[in-house]
1. With the checklist (1) surrounded by fewer than 14 Cβ atoms within 10 Å (Cβ to Cβ); (2) of a type outside the set (Asp, Glu); (3) at pLDDT 65 or above in hand, flag the one item Phe4 doesn't pass.
2. Please work out which residue is surrounded by the fewest Cβ atoms within 10 Å (Cβ to Cβ), limiting yourself to region 96-153 and to residues that are assigned to a loop (DSSP other than H, G, I, E, B) and of a type in the set (S, T, N, Q).
3. Could you check how many residues of region 172-193 are in contact with a strand residue (DSSP E or B) (Cβ under 7 Å, 6 or more places away or on another chain) and either under 19 Å from Ala76 (Cβ atoms) or aliphatic (A, V, I, L, M) (or both)?
4. For Gly85, only one of the following conditions fails: (1) within 30 Å of Gly22 (Cα to Cα); (2) surrounded by 16 or more Cβ atoms within 10 Å (Cβ to Cβ). What is its number?
5. Pick from Ser82, Ser95: which is polar (S, T, N, Q), without any contact (Cβ under 8 Å) to a residue 40 or more places away in the chain and at negative phi?
6. Just checking, does region 64-71 include any residue being under 17 Å from Ile121 (Cβ atoms) and surrounded by fewer than 18 Cβ atoms within 10 Å (Cβ to Cβ)?
7. Which pairs turn up if I take residues in region 124-150 that are within 21 Å of Ala183 (Cα to Cα) and look for partners that are at pLDDT below 95 and loosely packed, with under 15 Cβ neighbours inside 10 Å with beta carbon separation below 7 Å, at least 6 apart in sequence or on another chain?
8. So, of the residues in region 177-216 that are in a helix (DSSP H, G or I) and in contact with a Leu (Cβ under 9 Å, 6 or more places away or on another chain), which turns out to be modelled with the highest pLDDT?
Amino acid sequence: MRIFFLAIVALLPSVAIAAPVGYALSVTTAYALGDPFPNRIDNAFTEPDTGYLQIANTGNTTFIGSVGTDAVSAFAGDLSFSASGIVLAPGDSISIAIPFDASNVGGFNGPAYQARPGILIWMRGFVAAGALTEAISLAVADADIHSGMVRLDPLGLLTDSFVLQGGDPWGFDTGDAFEGSQAQGIFVFQQAAPEPAGLALFGLPLAALIARRRRR
């Protein structure tokens with residue numbers, strides 16, 4: 001009986017590690033002359049103006065894993081990027097540039113000059129808080145990263161997203177004046193950490209098993 005009890009107790013740390021820990025990771029998009037964000041991690045060639053994105057840890061847990069973009073352009077081929085071994089402690093951020101001039105390649109991830117999702121930004125790995133970890137796989141498309149400032153572009157389309165490709169949903173070149181005057185887009189991946197009482201629930205089935213075994 002004693003050996004059985006000790007074996008069950010030894011499982012307790014692994015139960016704690018499996019608990020969700022929460023996170024807040026933000027993606028900000030911009031179109032600018034030069035990178036408006038710090039800590040750029042790619043070495044892509046860019047024209048004077050192009051799309052840039054920032055991934056920032058705005059939560060209280062640490063992100064560890066890979067980040068990147070899926071960016072297959074209509075005219076310039078595959079402009080995707082990925083990087084592994086990224087560690088973002090609370091308050092840390094990185095930035096990534098879209099190669100060349102992202103408004104001049106016909107849009108991304110689908111046939112030219114049609115409605116498409118645009119560039120996909122992704123994060124895969126886990127978040128950690130002390131001994132607790134939680135696996136995550138997150139992704140958001142340029143189409144879903146909104147600035148909140150809806151404008152009519154030179155092609156007659158209303159938009160407040162697709163910032164990375166110049167602001168036109170179909171991938172048309174909107175011209176430097178329109179592209180550079182876009183407001184930044186923002187999207188936040190967020191999951192609240194469970195309350196301490198909620199964390200305790202993860203141990204209830206195990207505690208009941210131990211108590212029943214001791215009574216027997």
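The values are calculated or read from the model by the stated rules, or taken from the named source; none is laboratory data. Predicted model, so just to flag it, every value in this text is computed and none were measured. In this analysis, Cβ positions are derived from the backbone assuming ideal geometry, glycine residues included, and neighbour counts consider all displayed protein chains.
1. (3)
2. Filtering region 96-153 for residues assigned to a loop (DSSP other than H, G, I, E, B) gives 98-99, 101-107, 109-119, 130-131, 145, 147-150, 153.
Filter again for of a type in the set (S, T, N, Q), leaving 103-104, 109, 114, 147.
On the way: Ser103: 27, Asn104: 17, Asn109: 19, Gln114: 12, Ser147: 20.
Filtering first and then ranking leaves Gln114.
3. Just the residues of region 172-193 that are in contact with a strand residue (DSSP E or B) (Cβ under 7 Å, 6 or more places away or on another chain), to begin with: 176, 179-180, 182, 184-191.
Going one step further and asking which of them are either under 19 Å from Ala76 (Cβ atoms) or aliphatic (A, V, I, L, M) (or both), we end up with 176, 179, 186, 188.
Qualifying residue count, region 172-193: 4.
4. (2)
5. Numbers: Ser95 fails: without any contact (Cβ under 8 Å) to a residue 40 or more places away in the chain.
After ruling out the rest, the residue left standing is Ser82.
6. Going residue by residue through region 64-71, those that are under 17 Å from Ile121 (Cβ atoms) are 65-71.
Those still in the list that are surrounded by fewer than 18 Cβ atoms within 10 Å (Cβ to Cβ) too: 66.
Within region 64-71 (the criterion being under 17 Å from Ile121 (Cβ atoms) and surrounded by fewer than 18 Cβ atoms within 10 Å (Cβ to Cβ)), the answer is yes, since at least one residue qualifies.
7. Listed pairs, sorted by first residue: Val150/Leu158.
8. Pass one, region 177-216, residues in a helix (DSSP H, G or I): 177-180, 196-201, 204-215.
Subsequent filtering for residues that are in contact with a Leu (Cβ under 9 Å, 6 or more places away or on another chain) retains 180, 199, 206.
Working: Gly180: 96, Leu199: 49, Leu206: 41.
In this case the residue turns out to be Gly180.
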